[in-house]
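Before any comments, here is the structure.
The values are calculated or read from the model by the stated rules, or taken from the named source; none is laboratory data. Given the structure is predicted, the values throughout are model-derived calculations rather than measurements. Here the Cβ positions follow ideal geometry from the backbone for every residue, glycine too, while neighbour counts run over all protein chains shown.
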Amino acid sequence: MTEGADPIVIDEWRRVSPLSIAATSARDLVKGLLPAAFVLFGAARSENFAAAWIVFPVLLAILGLQLGVAWLQWSRQRYRIGANDVRLEQGVLSRSARSVPYDRIQDVSLEQKLLPRLLGLVEVRFETGAGGKEELRLAYVPEAEGERLREVVRSLVEHAEEPVATMDGEMAEEARPTPAESGSTLFAMGPRRLFIYGLFSFSLVIFAVILGAAQQFDFLFDFWGWADDFVEDERYRGAAEALAGYSLAAQVAAALYAVLTVIVVGMASGVAQVFVRDWGFLLERTAKGFRRRRGLLTKTDVVMPVHRVQALVVSTGWLRRRFGWHGLSFISLAQDSGKSDHEVAPFAKMLEIAPIAVEAGFALPDQDVRWWRPAPAYYFVRGLAVTLFVFVLLQIAVIVAAAEGARIWPLLLLIVPVAAWQAVRRWYLWRVERHALDATQVLSKRGWLSPRLQIASRVKLHSAAITQGPLGRWLGYCDLKLGLAGGTMAFHGLRRQDAYALRAEVLKSIVAADLGSLPR
Amino acid sequence: MHDDLIDPVPDIDPEPLTQLSPSYRTMMRVQGVLATLPLLVAGGVLALAGDIPAWVPGIAVLLVALVLIAYLPMKRWRHRGYHMAADRLRVVRGVMFHSDSVVPFNRVQHLDVEQGPLERAFGIARLILHTAGTHGSSVVLPGLDHAVAVDMREEIRAHVRREML
């Protein structure tokens, strides 16, 4: 084979190394043939021995088929390093042709697993940096060719960037209105704040932990054995009798005591959890971006570049909200952990959150924002749907009971409080849920007891889709989904004209700002 | 035969939509036939078994076939369309559940043109636009003539501007 030596010609269709047939077959054989061999041998041995001879032809046939398929796939696959993009065409029955423009390629990486390495092959991956997954891979090319591919494509990628080089300089200066001195603290939580945060983070996880521990260490004390005895020997009856023997006041006191214990334990475990996770919480603005450090046992240190922040989420809890506590997190393209949600101020007053938002290039909504409301029909339909569902369930219960001879039709009256509850809830939601559009951002406020405010930058959105079910079409409401790197921002139950107007506005700013002019 | 252009939301988005290739409708009919085949077999077995009158499964299969082969492909095809503007692609689809997506070209990360076996037989293809992001990050436009799909890909690719720092 001479493929190691021929130079890479632009716009010329090429094939991956024929040796990849061997490499991919071997890889698939390990996955497919070995189990098949075990099954066949097992079957041959368990039945009469005469059938054993068939095992080898069958295995050979599988091997041949595998090689044939691999060859076919190889022969139907080709790639091209073009003037503007990398192309890959493949598929025997189905055909797929992928085009990755150089302007989007972030990196070209080479990877060698054991078997390809023995054959002197390498896998080339072209990454566009969208969520860190590779968008195009060539498996496999000879090592030397892989190196050259990487060089050629890298130089082409750099070449593709040149025209913006001057513009970038301007953009960079513009895009930094507040060159914050490195390492200025934006937000920190001391032990006192953590303690309050912990009180609000009521958690019953500790009970699960205790049960789990009981299971883990049952060699030390026989918890389940004891629990079994408690039930089997009817010891619980003793406990119940003891309880029944108490006076009413004592019973109430006992119940209160139990509830209080659960609350205290829940709060204590909340505090413990918060202390372990958020000890020494410190958010700083450094030259590289936001830097967050926290943790008692495992310390984490995360740096998020400012321009990677796609959207903000301000959330709260039903109780902490009454005391003015909120949490701020960033939605960004995840690069550090698996999560795209980064807490930057988990427990703070709005006055503390606002400056952080400003630092990230966002602004919290003020009085001037013009809020839009979803369509009332949407809430009506949702409330009605839940009510009907409950009603059907009640009907079924009544009918089943009637078949058994029991008459429990008054159960149907339960629908009245359910309907009332739904009416109040949906009406309230319709009152508080809203969205808005200002010069640079899209805002959305959702939720009842613990409302959630989401703010996305208009120019950082990627797509906009409007969807409508049959009911929505009849009653004139729809959903608007805005594509966001690291998530979506969805508005449910918008009036149709609002959704289209909103989308038109958002698209205007997306089209005006090219991805290239945004720092990434 | 319809006009080349359809207009599902006249009051809001006035831009006319381009209809998909007529071969796509034919292909959906073939898919309908393929979906009916197992039913036909089952109906035949039921009829031969003789427990019920032969016309009962016959009528049922006929009705399903009418819906799958005659009605749905036509309806679906008529509700689908796209609009290729200078800077964005709009894809509209859905009979019961309507969806209307727009992807601006300058947000496209990479492009696919795909063909399944049936699509190859009818010379049509799917154009897929991928954008950055984790959820719903690609928009699929099925039922284009292969040549049209390739041309559209070239045009969109040319729009993917110089970028990156």
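Quick notes on this one:
- Given (1) surrounded by 13 or more Cβ atoms within 10 Å (Cβ to Cβ); (2) in contact (Cβ under 8 Å) with a residue 60 or more places away in the chain, number of the condition A:Pro376 does not satisfy: (2)
- Consider the range A:446-467 and keep the residues that are closer than 19 Å to B:Ser137 by Cα and polar (S, T, N, Q). The one that is farthest from the other protein chains (Cβ to nearest Cβ) is A:Ser457.
- Counting only strands (runs of 3 or more DSSP E) wholly contained in the range A:36-129, the ones carrying 1 or more residues that are at pLDDT below 85, at negative phi and away from every other protein chain (no Cβ under 14 Å) occupy A:107-111.
- Test: residue in the range B:115-125 that is in contact with a Pro (Cβ under 9 Å, 6 or more places away or on another chain) and within 9 Å of chain A (Cβ to nearest Cβ): yes
- Residues of the range A:391-436 classified as assigned to a helix (DSSP H, G or I) and under 20 Å from A:Ala377 (Cα atoms), total: 15
- In the range B:80-102, the residue that is farthest from the other protein chains (Cβ to nearest Cβ) out of those that are in contact with a Leu (Cβ under 7 Å, 6 or more places away or on another chain), closer than 30 Å to A:Val92 by Cβ and not hydroxyl-bearing (Ser, Thr, Tyr) is B:Arg80.
- Filtered residue count, the range A:482-495, keeping only those that are surrounded by 21 or more Cβ atoms within 10 Å (Cβ to Cβ), at pLDDT 90 or above and of a type outside the set (A, V, I, L, M, F, W, C): 1
- Criterion: of a type in the set (A, V, I, L, M), surrounded by 14 or more Cβ atoms within 10 Å (Cβ to Cβ), at pLDDT below 90 and not in a loop (DSSP other than H, G, I, E, B) - qualifying residue of A:Ile331, A:Ile356: A:Ile331
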